[in-house]
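One structure is given here, and the rest of the page talks about it.
The values are calculated or read from the model by the stated rules, or taken from the named source; none is laboratory data. All of these numbers come straight from a predicted model, not from anything done at the bench. Note: ideal-geometry Cβ built from the backbone for every residue, glycine included; neighbour counts use all protein chains shown. All accessible areas refer to the heavy atoms of the entire protein, side chains included, with ligands and DNA or RNA removed. Shrake-Rupley method; radii C 1.70, N 1.55, O 1.52, S 1.80 Å.
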Amino acid sequence: MFRLQDFSNTLLDLQCVAQEKAVDQYQDAALSLVQRILPFDKAWWGIMSAHEDSFLLHCSHAYQLPPGFVPMWEVIKTDDNVAKSVRERPKTTVYFDERKLSETPGLAVLTGEHDIAQAFCTSSYLPAESAFVFLSLYRSSGELRFTADERLLKQYLMPHLCSSWAANRIFQMEYLKASVAHEQTAMSLVDLQFQILNAEPGFADVLHVQWPDWEGNELPSVVVSWLRSPDDSLKLGQVVMRRYCLGELCLIAARERMRVDLLSKREAVIADAFSRGHSYKEIARDLEISPATVRHHLRRIYEKLNVSDKAEMTCMLHEQDILLEEGELMRRYRKLERKHFF
């Protein structure tokens, strides 16, 4: 039987990890904590939904499993009886031994290839009840069998893990908001199926500016098409968006359009350089254009921003900061101080 003190300590540590770890680092850290009180060799943790006679994977993290595990699962997923069992029995830990794992050909190949002899899996439906969080813990051949007490422990842990993971996403959106440093920006985390996992209240307000009738957790089709494209940013009539990759999740930073959004990429670069004190000649040299061309661009920039001098332009650029490039945002994000609350 597990010790209540160990269970309590793990829950406290999960709260700390939720606040300290980046979105794409959280699950590794949380599973390491679980491993202390419930030994396992490998794990798979994510979100999926039923789709016809199969499943759609919304996001997942394979722990101590090779990169080929998830692609192989995608091939055999119609044979995944573990997923089918937890879909039908949420909040209940199901146990599959080597014999049960071999009952369907596809699952037998997947588990045999990755030396999985036992599986402990629990699911919990998300509020919309169309997708569910799952966590499978695996033991290799030759390891001790999972016990009834461990099954009970897994069931007790699952709601706390789901809550901690959700809290982590919310905490980290706040950290990322600090990185963007623009109070009018609203953020949302989106999964591989373009479903909203978490969103700031202001995110819906921004979308309603462009799509007054939008509702629900499914993004507008224009946004989905953009997310399928290689473009990092999207400029619409009323809204500007930029995306950032956080593991398998996508962070969308959105805000209403401002005057600075009227600038082209070249104009934005020139405006930024000029506001930082670079001369016409320095900007021309860096961009391999003539000083006269720089002067022409600056005249256009002043017209678009409706300003008359460098000071006004600089003030507008700083007050209405353009959404950060992905590399710069992630650099600031990784440097943010993580505070311990427990």
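Modelled spin labels at residue 184 and residue 64, positioned 7 Å past Cα toward Cβ, are 5.0 nm from each other. Per-residue Karplus couplings for region 241-257, computed as 6.51 cos²θ - 1.76 cosθ + 1.60 with θ equal to phi - 60°, are listed in order as 10, 9, 10, 9, 8, 10, x, 8, 9, 10, 8, 10, 9, 10, 7, 5, 5 Hz, Gly and Pro entered as x.
The charge dipole of region 61-106, taken about the Cα centre with unit charges on the Cβ atoms of Lys, Arg (+1) and Asp, Glu (-1), comes to about 220 debye, rounded to the nearest 20. Near residue 280, once Lys and Arg are set to +1 and Asp and Glu to -1 for all other residues with Cβ below 13 Å from its Cβ, the sum equals +3. Each of [x] 48, 21, 18; [y] 33, 27, 21; [z] 30, 27, 19 is a candidate for semi-axes √(5λ) of the Cα gyration tensor in Å; the one calculated from this structure is [x]. Carbon and sulfur: what percent of region 15-150's accessible surface (1.4 Å probe)? Of all accessible area on region 15-150, carbon and sulfur atoms account for 50 percent. Each Lys or Arg adds one and each Asp or Glu takes one away; over the other residues whose Cβ falls under 14 Å from the Cβ of residue 125, this sums to +1. Candidates 164, 221, 260 compared by Cα position along the dipole of region 158-261: farthest toward the positive end lies 260, with charges placed on Cβ. Helix 326-335 and the long axis of the chain differ in direction by around 60°, with both axes built from C-alpha atoms. In the full protein context, region 63-131 carries 48 Å² of accessible surface per residue, based on a 1.4 Å probe and ignoring ligands, DNA and RNA. Placing a pseudo-label 7 Å from each Cα along the Cα-to-Cβ vector at residue 32 and residue 89 gives an inter-label distance of 3.3 nm. Remark on residue 92: its backbone amide H falls under 5 Å from those of 123, a criterion applied only to residues 5 or more positions apart or on other chains, H modelled at 1.01 Å from N. Rolling a 1.4 Å probe over the protein heavy atoms of region 226-278, with every protein chain left in place, gives an accessible area that is 46 percent carbon and sulfur. Counting only heavy atoms of the protein chains and using a 1.4 Å probe, residue 72 has close to 50 Å² of accessible surface. Using a Cα-Cα cut-off of under 26 Å, which lysines could be cross-linked to residue 84, ignoring same-chain neighbours fewer than 8 residues away? Correct list for residue 84: 42, 100, 154. In the chain, helices alone account for a calculated mean residue ellipticity at 222 nm of -14500 deg cm²/dmol, with every DSSP H run of four or more residues adding -39,500 (n - 2.57). The aspartates and glutamates whose alpha-carbon is closer than 17 Å to the alpha-carbon of residue 235, local same-chain residues fewer than 8 away aside, are 205, 256, 261, 267, 321, 325, 326. Please say if region 143-291 is rounded, prolate or oblate, where rounded means a/c under 1.5 for a ≥ b ≥ c the square roots of the C-alpha gyration tensor eigenvalues, and otherwise the choice is prolate for a/b larger than b/c and oblate otherwise? It is prolate, given that a/c is not under 1.5 and a/b is the larger ratio. The residues of region 155-300 present an accessible area of 49 Å² per residue when probed at 1.4 Å with all protein chains retained.
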